[in-house]
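Structure first, then comments.
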Amino acid sequence: MDSFLKYAKKANDTLLAAETVLMSVITFFLVAAIFVEVICRYFLFISVAWAEELTRYLFIWLTYIGSAYAVYYGQHTEIDVLQQIILKSNGKKRNVRLKALKIAMILSTCAFLVVFGKIFFDYMRIIWEKTQTSPTMRIPMGYIYLPVLIGTVMAVFHEIYMFLVEVFGANGSDGLTE
């Protein structure tokens, strides 16, 4: 199982690196498009519709790729009342309860993401069949909705990896800080 976890860690780390690069590239183009829009609007007194539209769509991509990235690092808002109650208890089974709660949280989040991903995948099939494009740049709307599905799939992958580490890892941690 250790060799499988090593491969899973390598795959997860590769996905995190790809997400980081993708978010960096998107941020660069996002800033460039905003810069062009500001220069054209306030100094050249012309409206650049494509820059505004590109900015909007790049921000959507950045949000959903970043959301998957944040899933792995536990950066999403969470309600941790049960976790705080367990942490304040002094029983012998405190660590077991914490681990069980963490596994339940991972599984419930993963289940939600899988159901959401399935529903959105069905919606994406309908979108790809339509010929609607964005108003200014004429980008097919499927590309605009695609980051939602991609981000969901990446988040599910991170959740599966975290489950494997929690259940089969030596100490339930791969070096993440809480």
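If I stretch the segment between Thr14 and Ile103 completely, what's the gain in nm (0.36 nm per residue apart, minus their alpha carbon distance), one decimal?
That works out to 29.7 nm of additional length.
Kirkwood Rh over Cα pairs of the chain into Stokes-Einstein at 20 °C, 1.002 mPa s: D in µm²/s?
113
Run the quick spin-label model on Ala111 and Ala32: label points 7 Å from Cα toward the beta carbon, then report their separation in nm to one decimal.
Result: 4.5 nm between the two label points.
As I understand it, the dipole of the chain uses +1 on the Cβ of Lys and Arg and -1 on the Cβ of Asp and Glu, about the Cα centre. Which of Ile86, Thr131, Phe35 lies farthest toward its positive end?
The residue sitting most towards the positive pole is Ile86.
Divide by every residue of the chain the summed helix terms, -39500 (n - 2.57) for each DSSP H run of at least 4, and state the resulting mean residue ellipticity at 222 nm, rounded to the nearest 500 deg cm²/dmol.
Counting only the DSSP helices, I get -28000 deg cm²/dmol.
Would you work out the relative contact order for segment 2-168, in percent, from Cα pairs under 8 angstrom that are 6 or more residues apart?
In percent, rounded to a whole number, it is 32.
In whole Hz, what ³J(HN,Hα) sequence does segment 57-63 give by Karplus (6.51, -1.76, 1.60; θ = phi - 60°), x for Gly and Pro?
Per residue, the Karplus-derived 3J(HN,Hα) values read 6, 5, 5, 4, 4, 4, 4 Hz.
May I ask you to compute the full-extension gain from Ile79 to Phe163, defined as 0.36 nm times their residue separation minus their alpha-carbon distance, rounded to one decimal in nm?
So the extension gain works out to 28.3 nm.
Among the lysines, which have Cα under 22 Å from the Cα of Lys6 when same-chain residues fewer than 8 positions away are ignored?
Of all the lysines, those that pass the test against Lys6 - Cα under 22 Å, at least 8 places apart if same chain - are Lys99, Lys102.
Excluding residues on the same chain fewer than 8 positions from Lys130, give the lysines whose Cα lies under 27 Å from its Cα.
By straight Cα distance, Lys130 reaches Lys118.
Multiplying the sequence separation of Arg94 and Ile150 by 0.36 nm and subtracting their Cα-Cα distance, what value in nm do you get?
16.5 nm
Is any residue of segment 17-34 close enough, with backbone N under 17 Å, to a label point placed 7 angstrom from the Cα of Trp50 along the Cα-Cβ axis, and if so, which?
Those under the cut-off are 29-34.
If the cut-off is a Cα-Cα distance under 20 Å, which aspartates and glutamates reach Lys92, setting aside same-chain residues fewer than 8 apart in sequence?
Within reach: Glu166.
All of the numbers you see were taken from the coordinates with simple rules; none came from a lab. Note that this is a predicted model, so its numbers are computed, not measured. A quick note on method: Cβ atoms are made from the backbone with ideal geometry, for glycine too, and the neighbour counts reach across all protein chains shown.
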